[in-house]
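The block underneath contains the structure these notes are about, expressed in structure tokens.
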Amino acid sequence: MKIGEVEGPHRKLVGRTIWHYDAVESTNDSMKELLGPDLPEGLVLWADRQSAGKGRHGRAWASPPGGLYLSILLRPKEPHAQIIGLLAGMPVVKALRHFGVFAGVKWPNDAVFQNRKIAGILSEGVYRGDAYHVIVGIGVNTNVDVERLPPDVQAKATSLKREVRLFVANEEFLDYLLDQFDDLYSRYRNTPINLMLKEYRGACTTVGKRVTVGTPKGKVTGRAVDISLQGALVVADDEGTKHEIVDGTVEHIK
Ligand code: BTN
């Protein structure tokens, strides 16, 4: 149920209007249901909890109360769902750092602190007729007790509540996050994509690390050496062969 509407008139596009719900199945799916030409670009759906939160690769995203769950509607000129998904990791990490967690972006877009995931992003490209939309879903473990997450994710997850003594309200976190996202999207619209990817490459803590990447074609182990112009992770294996990985699950090896 919708429980409120928040305006952010100081923003250029993203987060000028926020619809606040108490519970939905998935904010990404709610956005898809509402999609139409009249739905304003930059609209944010924010829920206090989700009963069927979705993660990447068809996984579930545990969404207990206390966490921050939102989706942003974008209509980029190019079908850039994947690249925007990568770039979205930057404002998320900026917000986490602002509130005291020195997280980094693990390729493609996980926010990670001390090898534990604190936020995830699911960016989906959706056509309705000829109109292309991108729905960027962001889940942040803000005021989540890690013990309330499924047992298999507990050891690999953390939350703002666990890492920072000071209480940070979700409204406050969302406000800062949307300011950062609005800035990023405006830069994306006005900057050649290779420069945006260069910025992402600088923020991505995977580049330079030894990694194992699970891909649909099998595992690749080697050093992450670059981000391609398509946003793929370039991994040089131990024979020196380079692999461009478009989709996969990365493990940083110490
Ligand atoms: C991942 O790391 O696997 C991506 C997680 C994305 C979770 C968010 S929560 C808000 C939005 N709605 C969803 O159903 N998923 C995204």
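Regarding segment 1-98, what's the average projected area of the Cα-atom convex hull, expressed in nm²? Please list the in-between numbers first.
Working: hull surface 28.8 nm².
Reported value for the Cα convex hull: 7.2 nm².
On alpha carbon coordinates alone, what is the Rg over Rh value for the chain, Rh being the Kirkwood radius?
Details: Rg = 17.5 Å, Rh = 18.4 Å.
With Rg and the Kirkwood Rh in hand, the quotient comes to 0.95.
Could you give log10 I(q)/I(0) at q = 0.09, 0.15 Å⁻¹ for segment 114-254, computed by the Debye formula over C-alpha point scatterers of equal weight, without solvent?
Scattering profile of segment 114-254, log10 relative to I(0): -0.38, -1.03.
Starting from the Cα coordinates of segment 153-202, work out the convex hull volume and express it per residue in Å³. Each step should come with its number before you reach the end.
On the way: hull volume 6.3 nm³, N = 50.
For segment 153-202, the hull spanned by Cα atoms encloses 126 Å³ per residue.
Calculate how many DSSP beta bridges within segment 1-109 are antiparallel, expressed in % of all such bridges and rounded to the nearest 5.
On the way: 10 of 16 bridges.
Roughly 60 percent of the beta bridges in segment 1-109 run antiparallel, per DSSP.
Provide Rg and Dmax in Å for segment 111-150, with only Cα atoms included in the calculation.
14.8, 45
Residue by residue through segment 112-124, what is 3J(HN,Hα) from phi via Karplus (6.51 cos²θ - 1.76 cosθ + 1.60, θ = phi - 60°)? Round to whole Hz and write x for glycine and proline.
10, 10, 6, 6, 10, 7, 10, 8, x, 10, 10, 9, 10
Ratio of segment 91-174's C-alpha Rg to 2.2 N^0.38 Å, to two decimals?
Details: Rg = 14.4 Å, N = 84, 2.2 N^0.38 = 11.8 Å.
After normalising by residue count via 2.2 N^0.38 Å, the value is 1.22.
Among the listed pairs Lys77/Lys117; Lys54/Lys94; Lys12/Lys156; Lys54/Lys156, give every one whose C-alpha distance is greater than 25 Å.
Lys77/Lys117; Lys12/Lys156
With no solvent and one point per C-alpha, what does the Debye sum give as log10 I(q)/I(0) for segment 185-254 at q = 0.11, 0.20 Å⁻¹?
-0.28, -0.78
Quickly estimate the mean residue ellipticity at 222 nm for the chain, helices only: each DSSP H run with n ≥ 4 gives -39500 (n - 2.57), and the total goes over all residues, rounded to 500. Let's see the in-between values first.
Details: 7 runs with 65 residues, N = 254.
Counting only the DSSP helices, I get -7500 deg cm²/dmol.
Quick one: Cα centre-to-centre distance for segment 220-252 and segment 103-164, in angstrom?
With segment 220-252 and segment 103-164 each reduced to a Cα centre, they are spaced 22 Å.
Spelling out what I want: for every residue of segment 74-85, take phi, set θ = phi - 60°, compute 6.51 cos²θ - 1.76 cosθ + 1.60 (Karplus), and round to whole Hz; glycine and proline get x.
Whole-Hz 3J(HN,Hα) from phi for segment 74-85: 10, 10, x, 5, 9, x, 9, 3, 6, 5, 5, x.
With both partners inside the chain, how many of the DSSP beta bridges are antiparallel, as a percent to the nearest 5? Numbers along the way, then the final one.
Values: 53 of 61 bridges.
Expressed as a percentage, antiparallel bridges in the chain total about 85.
When the distances between all Cα atoms of segment 64-110 are binned every 5 Å from zero, what whole-number percent does each bin get?
Taking every Cα pair in segment 64-110, the percentages come to 5, 18, 22, 24, 19, 9, 3, 1.
Since every read-out is calculated from the coordinates, none of them should be taken as a lab result. Remember, it's a predicted structure, so these values are computed and weren't measured experimentally.
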